[in-house]
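Structure record follows, encoded as structure tokens.
The values are calculated or read from the model by the stated rules, or taken from the named source; none is laboratory data. Keep in mind that what you see is a predicted model, and the values were worked out from it rather than measured. All Cβ positions, glycine included, derive from the backbone under ideal geometry; neighbour counts span all protein chains shown. Note: accessible area is taken over every heavy atom of the protein model, side chains too, but ligands, DNA and RNA are not part of it. Shrake-Rupley method; radii C 1.70, N 1.55, O 1.52, S 1.80 Å.
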Amino acid sequence: MSATRYTYLGPEGTFTEAALRTLPEAATRELVPMVSVPATLDAVRAGEAAAALVPIENSVEGGVTTTVDELAKGEPLMIYREVVLPIAFALLVRPGTELKDVKTVTGHPVAQPQVRNWLAAHLPDAVWESAASNADGARLVQEGRFDAAFAGEFAAVTYGLEPLVTEIHDAANAETRFVLVGRPARPAAPTGADKTSLVIWLGDDHPGALLELLQEFAVRGVNLMRIESRPTGRGIGDYCFSVDAEGHITDRRVGEALMGLKRICPKVRFLGSYPRAGVAPQEVRALRPGTSDEEFMAASDWLARCQDGRF
């Protein structure tokens, strides 16, 4: 395995590359762009890279389904950290292009809902066609296949383009969350501001099946930050659930919730416990009474005394 190589969703000039370069270790790694999320992650599975950075969630469009699905199948991988990047687009064009000249535009499919209103107001007749990534859209403009691309302003230099308009976004404060993924290993120690990610499969479809799953978290005071159903590919109506929960697997409440899920579900895939981006321990909400590690341990000690006749 190459311990110095990180892959990311390419080509050069993507928001994913920009997010990766915010990590301190990126300065000492070989950063290799890949053509797709599956290729990015498969390089880690094959031992060709130590880690991969991929987008997993957008504040406007929700989950990046390709990433969510890839983490649910194939050889297991593990999330080690997350990066949250503010997202604003620039309209990149070849030098000399004016707004009235733009008849065709491109960008990643996730970008379109984030600039839809701007397009309707400023380029109502422009034809949109999706690209593999925003940076790939910039490359297509460079090649003359489109008049303009929505991408990060930083991609302009890479592709010899000019930002005709900057700071384009329909939703203020739009963000995308990226995850650094590697091969499974012992999770890092808890920080007090952590997140645990899972994929959960239901045993059978019956009334209350999802409620039973959710109760494993609720009765232990574990807050869910995201839950998303995804088709398993086995047929209509057959779904698994991608979940992000507050806390670390070594927290008693989280560990016991995972044990409860393992008892009632045929398959649970642990994707990692890792620090929450931009959240300090003192900013984490207070635990509900009865859900701290100390209270779980006190209850366990009480049970042991009862079993020994020492109550």
Worksheet, complete the sentence: Net charge near residue 109 (other residues with Cβ under 11 Å of its Cβ; Lys, Arg +1; Asp, Glu -1) is -2
Practice prompt. Enumerate the aspartates and glutamates that residue 267 could reach by cross-link, defined here as Cα to Cα under 12 Å, with residues fewer than 8 away along the same chain left out.
Written response: 204
Item to complete: Extending each Cα 7 Å along its Cβ direction at residue 32 and residue 129, get the distance between those two points in nm, one decimal.
Response: 3.1
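Only sites in a loop by DSSP and with at most 13 other Cβ atoms within 10 Å count here; which trypsin sites (Lys or Arg not before Pro) in segment 227-258 make the cut?
Numbers: sites: 234, 252, 253; in loops: 234.
Passing both the DSSP loop test and the Cβ count: 234.
Between residue 212 and residue 295, what FRET efficiency comes out of the Förster formula 1/(1 + (r/R0)^6) with R0 = 25 Å and r the beta carbon distance, rounded to 0.05? Don't jump to the answer; show the numbers that get you there.
Numbers: r = 24 Å, r/R0 = 0.95.
My answer for the efficiency is 0.55.
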Worksheet, complete the sentence: log10 I(q)/I(0) for segment 247-311, Debye formula on C-alpha points only (no solvent), q = 0.16, 0.22, 0.29 Å⁻¹, two decimals, reads -0.74, -1.04, -1.21
Worksheet item: Distance from the Cα centre of segment 89-116 to that of segment 160-209, in angstrom?
Response: 26
Worksheet item: Once the whole set of protein chains is in place, how much accessible area is left on residue 103, using a 1.4 Å probe, in Å² to the nearest 10?
Response: 120
Discussion item. Once ligands and nucleic acids are excluded and a 1.4 Å probe is used, how much of residue 118 is accessible, expressed in Å² to the nearest 10?
Written reply: 40
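With the Cα gyration tensor of segment 101-143 giving a ≥ b ≥ c as the square roots of its eigenvalues, does the rule (a/c under 1.5 for rounded; else a/b larger than b/c for prolate; else oblate) give rounded, prolate or oblate? Mind dumping the intermediate values first?
Working: a/c = 2.57, a/b = 1.32, b/c = 1.95.
Verdict is oblate for segment 101-143.
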Item to complete: Compute the FRET efficiency between residue 189 and residue 263 as 1/(1 + (r/R0)^6), taking r as their Cβ-Cβ distance and R0 = 30 Å, and round to the nearest 0.05.
Response: 0.65
Discussion item. Taking R0 as 41 Å, what FRET efficiency do you get between residue 46 and residue 308 from their Cβ-Cβ distance, rounded to the nearest 0.05?
Written reply: 0.20
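Please compute the contact order of segment 41-148 in relative form: average sequence separation of alpha-carbon pairs under 8 Å and at least six residues apart, divided by the residue count, as a percent.
Values: 95 pairs, mean separation 27.4, N = 108.
Relative contact order of segment 41-148: 25 percent.
Can you check what the net charge comes to around residue 201, using other residues whose Cβ is under 15 Å from the Cβ of residue 201 (Lys, Arg +1; Asp, Glu -1)? Before the final figure, lay out the partial values.
Values: positive: 73, 230, 234, 262, 263, 267, 269; negative: 69, 204, 205, 212, 216, 228, 238.
Within the 15 Å Cβ shell, the charges total 0.
For segment 172-311, just say rounded, prolate or oblate: build the C-alpha gyration tensor, square-root its eigenvalues into a ≥ b ≥ c, call rounded for a/c under 1.5, and beyond that prolate if a/b exceeds b/c, oblate if not. Don't jump to the answer; show the numbers that get you there.
Details: a/c = 1.98, a/b = 1.20, b/c = 1.65.
Oblate.
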Practice prompt. Send over the semi-axes of segment 1-112's equivalent ellipsoid, whole angstrom and largest first, taken as the square roots of 5 times the C-alpha gyration tensor eigenvalues.
Written response: 28, 17, 13
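Keeping every protein chain present and rolling a 1.4 Å probe, give me the accessible area per residue for the chain in Å². Walk me through the numbers on the way to the answer.
Working: 15130 Å² over 311 residues.
Here the residues of the chain average 49 Å² of exposed surface.
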